[in-house]
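Visitor: Below is the structure I would like to discuss, written out as structure tokens.
The values are calculated or read from the model by the stated rules, or taken from the named source; none is laboratory data. A quick note: this is a predicted structure, and the numbers were derived from the prediction, not measured. All Cβ positions, even for glycine, are placed from backbone atoms using ideal geometry, and neighbour counts span all protein chains on display. Accessible surface is based on the protein model in full, side chains and every heavy atom, while ligands, DNA and RNA are left aside. Shrake-Rupley method; radii C 1.70, N 1.55, O 1.52, S 1.80 Å.
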Amino acid sequence: MDRSQTSSDIELLTEIAIAYYRDEITQEEIANKFGISRIKVGRLLKRAKEEGIVEINVRYHPIFSTQLEQQLLSRFPISRALIALDHPDEESQRNQVGTLVANYLSTTLRDNMIVTVGQGRNVAVVADSGGAVPEKDCRFICGIGGTHRPGDSINADHISRRLAKKFGGTSETLYAPAYVENNELKQAFMKNGTIKETLDRARKADIALIGIGDMNEDSYMVKLGWFTPREIVDASLNQGVIGDIAGYDFFNAQGQHVDTVMNDRVIGLSIDELRKIPCVIAIASESSKAMAIMGALRTGVIDIIATSASNVRTILKMSQ
């Protein structure tokens, strides 16, 4: 709020905002009451929003969300869709979707459950979403190794630790890199007892939290160095890849697996291993990911999708 404003300015803005938004008095009636023009009332109401005196939250009616969800369930092999309100910027959209997932976990988690945790910004927001949650004696286990590139806060290990703190549980680190240079190195890591035991426990999870990626030259995978921009373009244009599940299992628009340069280089749970986990929650909030979400839904791996209403509408149109 602008410090140059006097307390009387703030009081006037607040009084007019209460009259209009709470008491539902018309702008013309407010103008007559305060002896000002109707145009000035409109300007003052706008200022009240700009100064943070008024915050407007628009929520979809449950019937609206239910209708979208039912249409999605009728076309894809999923059990639930967590659909968030549309927001113009990616960060707000991500927060809305992440909060829905966090709320779902609050009502679903039970003591002694195991949650396998993936990587990425959308999964990270679940751990960072606000609001108090009931403590659950759960174990959060990394489903993929880590990296030392930019974005440590969205590594599976960091997310797993924050989820454990949020829900009062414990976390388990996968002491391995997320990706290696070739399959021989991967097999060497997989023989390590500590790594093997952690992945074995992750495979037995009750719930998996994973992200969905799209083929974008500015994607997280390019920033990590897993792909070059040229490899992204090649996979997309020449191989028909439209997205990935959990960071490295790539698929086309029909949800079919596509071989890429990342094959057999990632230390983590594969798409087939995720398929055996009872409840796989996939999270993707960005509007650029509608095509990738559709392909991911067609893989049959996902049980619950968490995304925006606009993405759901786009997916429904594309899948007609």
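Visitor: Return a yes/no flag: does region 287-300 have any residue that is modelled with pLDDT of 95 or more, closer than 30 Å to A188 by Cβ and either touching a Gly at 6+ places or on another chain (Cβ under 7 Å) or surrounded by 17 or more Cβ atoms within 10 Å (Cβ to Cβ) (or both).
Guide: yes
Visitor: Considering only region 191-208, I want to know if a residue exists there that is in contact with a Cys (Cβ under 8 Å, 6 or more places away or on another chain), open to solvent by 40 Å² or more (accessible area, probe 1.4 Å) and within 21 Å of D272 (Cβ to Cβ).
Guide: Going through region 191-208, the residues in contact with a Cys (Cβ under 8 Å, 6 or more places away or on another chain) turn out to be 198, 202, 206-208.
Narrowing the set further to residues that are open to solvent by 40 Å² or more (accessible area, probe 1.4 Å) leaves 206.
Narrowing further to those that are within 21 Å of D272 (Cβ to Cβ): 206.
Checking region 191-208: at least one residue is in contact with a Cys (Cβ under 8 Å, 6 or more places away or on another chain), open to solvent by 40 Å² or more (accessible area, probe 1.4 Å) and within 21 Å of D272 (Cβ to Cβ).
Visitor: On the basis of being open to solvent by 40 Å² or more (accessible area, probe 1.4 Å), hydroxyl-bearing (S, T, Y) and either touching a His at 6+ places or on another chain (Cβ under 7 Å) or modelled with pLDDT of 90 or more (or both), does T107 make the cut?
Guide: Yes: the conditions hold for T107.
Visitor: Restricting the first residue to region 187-207 and requiring it to be of a type in the set (D, E), which pairs with a second residue that is open to solvent by 40 Å² or more (accessible area, probe 1.4 Å) and part of a helix (DSSP H, G or I) meet a Cβ separation below 6 Å and a spacing of at least six or different chains?
Guide: Correct list of pairs: empty, since none qualify.
Visitor: Mind checking whether some residue in region 273-283 is open to solvent by less than 20 Å² (accessible area, probe 1.4 Å), of a type in the set (G, A, S), under 22 Å from the mean Cα position of the chain (by Cα) and modelled with pLDDT of 95 or more?
Guide: Start the filter on region 273-283 by keeping residues that are open to solvent by less than 20 Å² (accessible area, probe 1.4 Å), which leaves 274, 277, 280-283.
If we keep only those that are of a type in the set (G, A, S) as well, we get 282.
Cutting the leftovers down to under 22 Å from the mean Cα position of the chain (by Cα) gives us 282.
Narrowing further to those that are modelled with pLDDT of 95 or more: 282.
The answer is yes, given that some residue of region 273-283 is open to solvent by less than 20 Å² (accessible area, probe 1.4 Å), of a type in the set (G, A, S), under 22 Å from the mean Cα position of the chain (by Cα) and modelled with pLDDT of 95 or more.
Visitor: Could you tell me whether any residue of region 180-188 is open to solvent by less than 50 Å² (accessible area, probe 1.4 Å) and at pLDDT 95 or above?
Guide: no
Visitor: Of all the helices (runs of 4 or more DSSP H) wholly in region 22-96, which have at least 3 residues that are modelled with pLDDT under 90, surrounded by fewer than 16 Cβ atoms within 10 Å (Cβ to Cβ) and of a type in the set (K, R)?
Guide: Per the criteria, 38-50.
Visitor: So, D214, is that one among the charged types (D, E, K, R), open to solvent by less than 30 Å² (accessible area, probe 1.4 Å), under 22 Å from G98 (Cβ atoms) and out of contact with any Pro (no Cβ under 6 Å at 6 or more places or on another chain) or not?
Guide: Values: among the charged types (D, E, K, R): yes; open to solvent by less than 30 Å² (accessible area, probe 1.4 Å): yes; under 22 Å from G98 (Cβ atoms): yes; out of contact with any Pro (no Cβ under 6 Å at 6 or more places or on another chain): yes.
Against the criterion (among the charged types (D, E, K, R), open to solvent by less than 30 Å² (accessible area, probe 1.4 Å), under 22 Å from G98 (Cβ atoms) and out of contact with any Pro (no Cβ under 6 Å at 6 or more places or on another chain)), D214 qualifies.
Visitor: Right, something else. Under the condition of being in a helix (DSSP H, G or I) and of a type in the set (A, V, I, L, M, F, W, C), which residue from region 302-312 is surrounded by the most Cβ atoms within 10 Å (Cβ to Cβ)?
Guide: The first filter runs over region 302-312 and keeps only residues in a helix (DSSP H, G or I), leaving 309-312.
If we keep only those that are of a type in the set (A, V, I, L, M, F, W, C) as well, we get 309, 312.
Values: A309: 16, V312: 21.
Taking the candidates together, the pick is V312.
Visitor: Is it the case that some residue within region 167-178 is of a type in the set (A, V, I, L, M), out of contact with any Lys or Arg (no Cβ under 6 Å at 6 or more places or on another chain), open to solvent by 10 Å² or more (accessible area, probe 1.4 Å) and not in a loop (DSSP other than H, G, I, E, B)?
Guide: no
Visitor: Which ones in region 187-200 are of a type outside the set (F, W, Y), assigned to a helix (DSSP H, G or I) and farther than 10 Å from G143 by Cβ?
Guide: The answer is Q187, A188, M190, G193, T194, I195, K196, E197, D200.
Visitor: Name the pairs whose Cβ atoms lie under 7 Å apart, with the first residue in region 92-109 and on the phi > 0 side of the Ramachandran plot, the second β-branched (V, I, T) and open to solvent by 30 Å² or more (accessible area, probe 1.4 Å), and 6 or more positions between them or separate chains?
Guide: Filtered contacts from region 92-109: no entries.
Visitor: Test V101 against the stated conditions and say whether it is over 17 Å from the mean Cα position of the chain (by Cα), among the aliphatic types (A, V, I, L, M) and either closer than 13 Å to I283 by Cβ or open to solvent by 10 Å² or more (accessible area, probe 1.4 Å) (or both). Can you show your working first?
Guide: Details: over 17 Å from the mean Cα position of the chain (by Cα): no; among the aliphatic types (A, V, I, L, M): yes; either closer than 13 Å to I283 by Cβ or open to solvent by 10 Å² or more (accessible area, probe 1.4 Å) (or both): yes.
So V101 fails the test.
Visitor: How many of the residues making up region 178-230 are over 26 Å from the mean Cα position of the chain (by Cα) and among the polar types (S, T, N, Q)?
Guide: 5
Visitor: Quick check on region 161-172: of everything there that is among the small types (G, A, S) and touching a Leu at 6+ places or on another chain (Cβ under 9 Å), which residue is farthest from D137 (Cα to Cα)?
Guide: Among those that are among the small types (G, A, S) and touching a Leu at 6+ places or on another chain (Cβ under 9 Å), it is S171.
Visitor: Moving on to the next point. Based on what the data block shows, is E15 under 30 Å from A102 (Cα atoms) and at pLDDT 80 or above? Spell out how you get there, then give the answer.
Guide: Details: under 30 Å from A102 (Cα atoms): no; at pLDDT 80 or above: yes.
Spelling it out, it is not the case that E15 is under 30 Å from A102 (Cα atoms) and at pLDDT 80 or above.
Visitor: Does region 117-166 hold any residues that are assigned to a strand (DSSP E or B) and touching a helix residue (DSSP H, G or I) at 6+ places or on another chain (Cβ under 6 Å), and which are they?
Guide: Step one: filter region 117-166 for residues assigned to a strand (DSSP E or B), giving 117, 139-142, 144, 146.
If the condition is that a residue be assigned to a strand (DSSP E or B) and touching a helix residue (DSSP H, G or I) at 6+ places or on another chain (Cβ under 6 Å), then V117, F140, I141, C142, I144, G146 are the ones that fit.
Visitor: Follow-up question, since we're still on this one. If a residue has to be within 24 Å of M221 (Cα to Cα) and either buried (at least 24 other Cβ atoms within 10 Å of the Cβ) or modelled with pLDDT of 95 or more (or both) to count, how many in region 128-153 make the cut?
Guide: Counting residues in region 128-153 that are within 24 Å of M221 (Cα to Cα) and either buried (at least 24 other Cβ atoms within 10 Å of the Cβ) or modelled with pLDDT of 95 or more (or both) gives 6.
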